[in-house]
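Structure, as structure tokens:
The values are calculated or read from the model by the stated rules, or taken from the named source; none is laboratory data. On a predicted model such as this, the values are computed, not experimentally measured, just so you know. With ideal geometry, Cβ positions are generated from the backbone for all residues, glycine too; neighbour counts draw on all protein chains shown.
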Amino acid sequence: MSSDGKFIAAAAQLSPRLGDVEANLGLYEKSIAEARGRGADLVVFSELSLTGYTLRDMVSTVALRLDGPELKHLRRLSQKIAIVVGLVEETPSFRFHNSAVLLDRGEIVAVHRKVYLPTYGMFDEQRYFARGSQIRAFDCRFGRGAILICEDLWHPSTAYLAALDDALFILCPSASPLRGISEGQQQDDNARYWEMINRFYTTTFSVSLVYSNRVGFEDGVGFWGGSEILDAAGERVAKASYYEPDLVVGEVRSKVARRRRVAAPLLRDEDLDLTINELIRIRGRLTKLESRGEVAVLKPVRAGAARARRAKRS
Amino acid sequence: MIPCNTPLLRKILVAFIRDEVRKVGLGRVVLGLSGGVDSSLSAFLAAEALGPANVLGVRLPYRTSSRESLEDAQRVVGQLGIASLTIDITPQVDSYFELFPDADKRRRGNKMARERMTILYDQSAKWQALVLGTSNKTELLLGYGTLHGDMASAVNPIGDLYKTQVWALAEAMGVPESIVEKEPSADLFAGQTDESDLGFGYREVDRFLYLMVDERYSTAELEGAGFEREFIRRVSDMVRGSQFKRRLPIIAKVSHRTIDRDFRYARDWGL
């Protein structure tokens, strides 16, 4: 934990070049210099910002080993400022993960492998990436935090686990495509959903959030940017522009989380055993249904009907 | 009912053109200017994205094309201050059909659309520019366009906009009123209009397509929304029947890695 419980975070909002790690390393260097110049202790880059997002069959050719030369270069860049890198990670057994790596003072401090790989609608991630299997908070010189990548954060369980694991801040690299053009709005629908969930998690779990999204287009798909830093009360500390490159800097203070947690000690009151027991029960129920070849969603209807019948009899 | 946030659309589509064109290493676009609202809107978006000097509007009349269409196209050129060129396609079309004097309107119309596109691609090579597409979502879904003709392009800013959205954005961007308000026509022969060709109006079919495609309504739900069963069948058949126009040609798979099946890259891969 830093001595005064606060640090300056930056979100680097880039338009990476698809498949060109070298060009993107150049963009990283510029943003790192700017973030340092603006007093940041940590700069968070967006999801897959070292490679571009729509990789498809390029995944294996742009993948980096954590012990490879590119990472070594980035580790050197992290001597004076901590960096969250968004990349394709190749494991020694040749799996490819959509990963984010926290580098600080020349070392790898934390690695998060994206757990929830969207594979529906316009997304195809699970076709190309191996799924991560952990949600873990980690200790670093800024205190205890967690990394969640984009779609991870659409699953409330991930933020819940991070908060229960005592993360005081979440770093979220994202590559969120713009879509939906509702009338009377300044931004696309997806930008507004994201801003809603970012605010929801920070207020509900009293955690700070550094959300770093990308911009630019890939095959006609635009990314909306709008990176933001929120404090543990859900208030915006910094907000990047929409749809164009930017870099924003803001202070993350653990005392906001303290104030919130004093006012409403929701995490303290969280009943872990209850959650675990109920999850085990639910898993058992789903497994049983599956083994009977039934569709899980039918169950509540049937249970409801059975209850209604019982109620009628009594 | 179909959402149409014109300031936001304008911002996104202008950024799209700028990004996708410059990424290729170019700074210019070429497009055919028919005098209709789709190509006029595309020209307005391109001029805002790249600067009017970097947009070439090509008027490609055939001898039966209406005079008003040519004038409307010229109005767009004048208002935006873009570069322009006029090439009469009559000789090349007529010399071909001298061999096939019995060819019907449909063959002739398709041939004209394809001749125009070969010219646009040639001009794009000469001018080091990309060909800007001007097909909207309604006509792409209905297949109301010529494959390798007006449906061809390098980048298309309006392909995810229904016709009614095109009208709204065109109006918001200051496309001349005479163009926004005139009856849409492919102008392949005198007196032709889109709505008489199609047998229904754009407003009606746009509402239908929006509910069917964007909102994923079932047939029963579409009936519930007030559409006649016959209309639902007819339009659904048009969408399904024109799927081939929205895809690359199918390739017989014999190797382990076939283009677009298990050789999968974004188009931006090549940049």
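Points worth noting:
- Residue within the range A:74-88 that is within 14 Å of chain B (Cβ to nearest Cβ) and either free of Cβ contacts under 8 Å to residues at least 24 places away in the same chain or within 24 Å of A:Trp224 (Cβ to Cβ) (or both) present: no
- Picking from residues in the range A:230-248 that are among the acidic types (Asp, Glu) and within 10 Å of A:Leu14 (Cα to Cα), the one that is surrounded by the fewest Cβ atoms within 10 Å (Cβ to Cβ) is A:Glu244.
- The residues of the range A:204-225 that are more than 7 Å from chain B (Cβ to nearest Cβ) and assigned to a loop (DSSP other than H, G, I, E, B), listed by number, are A:Ser206, A:Val207, A:Asn213, A:Arg214.
- Flag for B:Ala186 being under 30 Å from B:Leu70 (Cα atoms) and small (Gly, Ala, Ser): yes
- Selection status of B:Lys137, surrounded by 14 or more Cβ atoms within 10 Å (Cβ to Cβ), within 24 Å of B:Asp197 (Cβ to Cβ), under 18 Å from the mean Cα position of the chain (by Cα) and free of Cβ contacts under 8 Å to residues at least 24 places away in the same chain: no
For (1) touching a Gly at 6+ places or on another chain (Cβ under 9 Å); (2) at pLDDT 95 or above; (3) surrounded by 11 or more Cβ atoms within 10 Å (Cβ to Cβ), each residue gets a yes or a no:
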| position | (1), (2), (3) |
| --- | --- |
| B:Gly191 | no, no, no |
| B:Leu198 | no, no, yes |
| B:Glu204 | no, yes, yes |
| B:Thr219 | no, yes, yes |
| B:Phe231 | no, yes, yes |
| B:Arg234 | yes, yes, yes |
| B:Asp260 | no, no, yes |
| B:Trp269 | yes, no, yes |
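- Some residue of the range A:182-193 being away from chain B (no Cβ under 14 Å) and more than 13 Å from the chain's Cα centre (by Cα): yes
- Checked against the criterion of being in a loop (DSSP other than H, G, I, E, B), surrounded by fewer than 17 Cβ atoms within 10 Å (Cβ to Cβ), over 17 Å from the mean Cα position of the chain (by Cα) and not aliphatic (A, V, I, L, M), the range A:140-155 contains one or more residues that satisfy it.
- Filter result (over 19 Å from A:Ile8 (Cα atoms) and either of a type outside the set (A, V, I, L, M, F, W, C) or more than 19 Å from the chain's Cα centre (by Cα) (or both)) within the range A:79-105: A:Gly86, A:Glu89, A:Glu90, A:Thr91, A:Pro92, A:Ser93, A:Phe94, A:Arg95, A:His97, A:Asn98, A:Ser99
- For first residues located in the range B:146-157 and away from every other protein chain (no Cβ under 14 Å), partners that are outside any loop (DSSP other than H, G, I, E, B) and of a type in the set (Phe, Trp, Tyr) and lie 6+ apart or on another chain with Cβ distances below 8 Å form the pairs B:Leu147/B:Phe244; B:Ala152/B:Tyr121.
- Residue among A:Leu102, A:Leu178 that is of a type outside the set (Asp, Glu), touching a residue at least 12 places away in the same chain (Cβ under 8 Å) and away from chain B (no Cβ under 14 Å): A:Leu102
- Residue tally, condition in contact with a strand residue (DSSP E or B) (Cβ under 9 Å, 6 or more places away or on another chain) and assigned to a loop (DSSP other than H, G, I, E, B), over the range B:93-138: 3
- From the list A:Ile81, A:Ile135, the one residue that fits, being touching a helix residue (DSSP H, G or I) at 6+ places or on another chain (Cβ under 7 Å), over 19 Å from A:Leu153 (Cβ atoms) and of a type outside the set (Phe, Trp, Tyr), is A:Ile81.
- Pairs, first free of Cβ contacts under 8 Å to residues at least 12 places away in the same chain in the range B:1-30, second surrounded by 16 or more Cβ atoms within 10 Å (Cβ to Cβ) and of a type in the set (A, V, I, L, M, F, W, C), C-beta under 8 Å, six or more apart: B:Pro3/A:Ile181; B:Asn5/A:Ile181; B:Leu8/A:Ile181; B:Ile12/A:Leu178; B:Ile12/A:Ile181; B:Asp19/A:Phe217
- Just one residue in the set A:Tyr116, A:Tyr120 is more than 16 Å from the chain's Cα centre (by Cα), assigned by TED's automatic domain parsing to the domain that holds A:Asn213 and either buried (at least 20 other Cβ atoms within 10 Å of the Cβ) or not in a strand (DSSP E or B) (or both); that residue is A:Tyr120.
- Residue tally, condition buried (at least 24 other Cβ atoms within 10 Å of the Cβ) and either closer than 14 Å to A:Ile147 by Cα or not assigned by TED's automatic domain parsing to the domain that holds A:Val237 (or both), over the range A:162-197: 9
- Index of the failed condition, A:Ala238 passing every other in (1) touching a Lys or Arg at 6+ places or on another chain (Cβ under 7 Å); (2) away from every other protein chain (no Cβ under 14 Å); (3) of a type in the set (A, V, I, L, M): (1)
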